[in-house]
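Notes to accompany the following structure.
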Amino acid sequence: MASPPEGVEPAVIHAWSAPRSLSTSLMYSFSERDDMDVLDEPLYANFLRVTGVDRPYRQELLSKMDPDGNKVVKEVIFGPGEKAYRYCKHIAKQRLPNLTGDLMKKGKHFILIRNPMNILPSFDKVVPPSFLELGVAELVAIYSELCELGSPPPVIDADDLRRDPEAVLSGLCEDLGIPFQPQMLKWKAGPRDFDGIWAPWWYESVHTSTGFSKSRRYPMTFPFALYDLLEQSLPFYNMLKRQVRRTTGSLLPPPPDPPLPVPENKKILVWVGDELLPRDSARVSVFDSVVQGGDAVWEGLRIYDGKVFKLEEHLDRLFDSTKAMAFSNVPSRDWIKDAIFKTLNANGMFNNAHIRLTLTRGKKVTSGMSPTFNLYGCVLIVLAEWKPPVYDNSHGIKLVTATTRRNSPNSVDSKIHHNNLINNILAKIEGNLAQAEDAIMLDQDGFVSETNATNIFMVKKGIVLTPHADYCLPGITRATVMDLVVKENLVLHERRISLSEFHAADEVWTTGTMGEITPVVMIDGREIGDGKIGLVTRQIQSAYKVLTAGLGVPIPRNAEA
């Protein structure tokens, strides 16, 4: 590209980074272009003057660089030049409040990030590491300000740059609106005449390089005296990491986020421990018992018209499960209810919502099976989602019978509503492979117990039957429906039921908090009744709908905005 006429202001490219981030190598890369001049931290003197921080080269730098930041912005950064472009290497912490807004409003900007875990081991060669010196929070502020100005900057990661320089630089040049030049990939060893005064303290390794070096296969030993600083800085790095453009040819770009069943659930707040967190930040520790061994109990709650249906019954079962599992330091009933109400209020979920309420035994002091390692207390998770009934309750579903048997009380008692659901998951896999909505699970004697996710009922000659809760979970929706059957003046029998009886049933339905009352129209390829939803099923569905509209614990709301 031809050089602009003398005295014309070049197009400025601002590169923002933290120290020890390959920023100098990147500056050398851009300096190899035939259309680019570079400035090495032109705002450094202003930074030293305003902040008063000490450096081994402070006096020399202040005597040789202009410390008037706004004068530098106007006359140096945006001053006339001989090349089409001017590359300005900036360290994020040098963007101070005394500087003119033109610095951010003019030119094109991009941000270079590097994992603090890779920065900190070698950071203290010149200055002691600190959160301020790392500058990661300032990088986030720069990104946010540029977004507010309508110009979201490209973000590149140092690890990607080292892994595949050509792909990353090509993508960056495209984002900056300049052509990529292959000579950006190599440079001669040694210092440059545009190096800052500070180069002897910082640039030794770059001066021996001739290109972007590959990343270490294994990391350096981390200085654990800096562990707290790592914890402070990683969230800021991760915020920017999510904005990185994936251009590296050596790595496949990540697949797009899968569509959610209910798109509104992309942005929800989840209660974890004792606080509300955004969906992507809602996590438990790798030391938590639910991770270590599925050691947790749970309940499903549904929200109707500003009320939590059967809340007290679900909490009764939750506490029964914690007692059976010998949990200690269990939160109080009122505390759990308060967390539920806070979660629902924060999300504005007062109808057509479902809660997965989980209480884990808590975090362990070390990995292992024994509950004696659980010394932190239980962890509560309140996961509320917009969720209509998960089955087709208007047309019915198909079931198949799984070869996986339901747990016997001799192994894991199904009356404990625990998170160790591998038994049910294996049955669900069988259902998925058979392209059925769910799978029927038999007990050890071959009688029907329940499905992998719900309790099950059948109707024969007007009589309603359901299996004993010997092997299945005695569901709260199951108990509610059993009461409704009696109130609707129908005959109810609770007994052992064989699979062939279900095949020959007039009507079948399943019950559960997530699905409510779900008709079953086919089991193992056998059409149930005439293959349509039966009259008794519709009668119970209607009665259940009336019940849910009238009962429930009201969700308290603030009296004032």
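The values are calculated or read from the model by the stated rules, or taken from the named source; none is laboratory data. These numbers come from a predicted model, not from an experiment. Backbone-built Cβ (ideal geometry, glycine too); neighbour counts: all protein chains shown. Ligands, DNA and RNA are excluded from the accessible area calculation, which covers all protein heavy atoms including side chains. Shrake-Rupley method; radii C 1.70, N 1.55, O 1.52, S 1.80 Å.
If you work out volume of the Cα convex hull per residue in Å³ from the coordinates, which of [x] 200; [y] 277; [z] 209 do you get?
[x]
Nearest 10 degrees, 0 to 90: what angle lies between the long axis of helix 476-487 and the longest principal axis of the chain (Cα atoms)?
Between helix and principal axis, roughly 30 degrees.
Indicate the gyration tensor shape class of the range 157-305 (rounded, prolate or oblate), computed on the Cα atoms with a ≥ b ≥ c the square roots of the eigenvalues: a/c under 1.5 is rounded; otherwise a/b larger than b/c is prolate and the rest oblate.
Note, shape of the range 157-305 comes out prolate.
On a full-extension model of 0.36 nm per residue, what is the gain between N489 and E204, subtracting their alpha-carbon distance, rounded to one decimal in nm?
Residue separation times 0.36 nm, minus the Cα-Cα distance, leaves 93.8 nm.
How many Å² of accessible area per residue for the range 424-545, probe 1.4 Å?
On a per-residue basis, 42 Å².
List the relative contact order of the chain as a percent without decimals, with contacts defined as Cα pairs under 8 Å and 6+ residues apart.
Worked out over the chain, it gives 11 percent.
For K398, go through the lysines and keep the ones whose alpha-carbon is under 24 Å away, minus same-chain ones fewer than eight residues off.
K387, K428, K460, K461, K532, K545
So how much slack lies between F131 and C147, counting 0.36 nm per residue of separation and subtracting their Cα-Cα distance, in nm?
3.4 nm
Sort 300-311, 256-267 by the packing proxy (mean of other Cβ within 10 Å over each peptide's residues), most packed first.
Listed from highest to lowest mean packing, they are 300-311, 256-267.
Can you say what percent of the DSSP beta bridges in the chain, counting only those with both residues inside, are antiparallel? Round to 5.
Within the chain, antiparallel bridges account for around 60 percent of the total.
Post the alpha-carbon centroid distance, the range 492-552 to the range 254-278, in whole angstrom.
If you average the Cα positions of each part, the centres end up 33 Å apart.
How far is the Cα center of the range 351-375 from the Cα center of the range 159-188, in Å?
47
Based on the alpha-carbon gyration tensor of the range 31-168 and its eigenvalue square roots a ≥ b ≥ c, which shape applies: rounded if a/c is under 1.5, prolate if not and a/b is larger than b/c, or oblate?
Verdict is rounded for the range 31-168.
How many nm is it between the label spots at E174 and A189, if each spot is 7 Å from the Cα in line with the beta carbon?
Result for the modelled spin labels: 3.5 nm.
Lys/Arg Cβ at +1, Asp/Glu Cβ at -1, dipole of the chain taken about the Cα centre: which of S321, P556, P56 is farthest positive-ward?
Farthest along the dipole direction, towards plus: S321.
Would you mind computing, in nm to one decimal, how far apart the modelled labels at N345 and F224 are, each placed 7 Å from Cα along Cα→Cβ?
Taking the simple label geometry, N345 and F224 are separated by 4.2 nm.
Say a paramagnetic label sat at a point 7 Å from the Cα of D320, along Cα to Cβ; which residues of the range 403-437 have their backbone N under 16 Å from it?
Residues 409, 413-419 fall inside that zone.
What residues qualify as long-range amide H neighbours of V38, i.e. H under 5 Å apart, gap of 5 or more or another chain, H built at 1.01 Å from N?
Correct list: Y87.
Pop the C-beta distance of V8 and E231 into the FRET formula with R0 = 51 Å and round what comes out to the nearest 0.05.
Here the calculated transfer efficiency is 0.60.
List the lysines whose alpha-carbon lies under 19 Å from that of K415, not counting same-chain residues fewer than 8 positions away?
The qualifying lysines are K310, K323.
Once you have the Cα-Cα distance between N238 and R333, take 0.36 nm times their residue separation minus that, and quote the gain in nm to one decimal.
Length difference between fully extended and current span is 30.6 nm.
Any idea how far the Cα center of the range 313-337 sits from the one of the range 89-138, in Å?
A separation of 48 Å, based on Cα centres.
Helix 136-148 versus the longest principal axis of the chain: what angle, 0 to 90°, nearest 10, using Cα atoms?
With rounding to tens, the tilt is 80 degrees.
Give the long-range amide H neighbours of E507: residues separated by 5 or more places, or on another chain, with amide H under 5 Å away, using H modelled in the peptide plane at 1.01 Å from N.
V459
Could you pull out every residue, at least 5 positions away or on a different chain, whose amide H is within less than 5 Å of the one on V8? Hs are placed 1.01 Å off N in the peptide plane, and Pro or chain starts have none.
Amide H to amide H, under 5 Å and 5 or more residues apart or across chains, V8 pairs with G81.
Just how large is the dipole of the chain about the Cα centre, in debye to the nearest 20, putting +1 at every Lys and Arg Cβ and -1 at every Asp and Glu Cβ?
Using only the charged Cβ atoms, the result is roughly 400 debye.
For the pair R496 and N410, what calculated FRET efficiency results from E = 1/(1 + (r/R0)^6), where r is the Cβ-Cβ distance and R0 = 22 Å, to the nearest 0.05?
0.80
Carbon-plus-sulfur fraction of the accessible area of the range 309-385, 1.4 Å probe, in percent?
Of the solvent-accessible surface of the range 309-385, carbon and sulfur hold 53 percent.
How many nm is it between the label spots at M369 and K106, if each spot is 7 Å from the Cα in line with the beta carbon?
Between M369 and K106, the simple spin-label model gives 7.0 nm.
For the pair D274 and D305, what calculated FRET efficiency results from E = 1/(1 + (r/R0)^6), where r is the Cβ-Cβ distance and R0 = 41 Å, to the nearest 0.05?
So, using R0 = 41 Å, E works out to roughly 0.90.
Sketch the reach of a paramagnetic label on V546 as a point 7 Å from Cα along Cα-to-Cβ, and name the residues of the range 463-506 whose backbone nitrogen lies under 12 Å away.
Zone members listed by number: 484-485, 487-489.
Can you tell me the order of 436-446, 61-71 when each peptide is scored by its average per-residue count of other Cβ atoms within 10 angstrom, highest first?
Going by the mean number of other Cβ atoms within 10 Å, highest first, we get 436-446, 61-71.
Which lysines does K186 reach when only Cα atoms under 20 Å apart count, and residues fewer than 8 places away in its own chain are ignored?
The reachable lysines, counting only those whose Cα sits under 20 Å from K186, are K89, K214.
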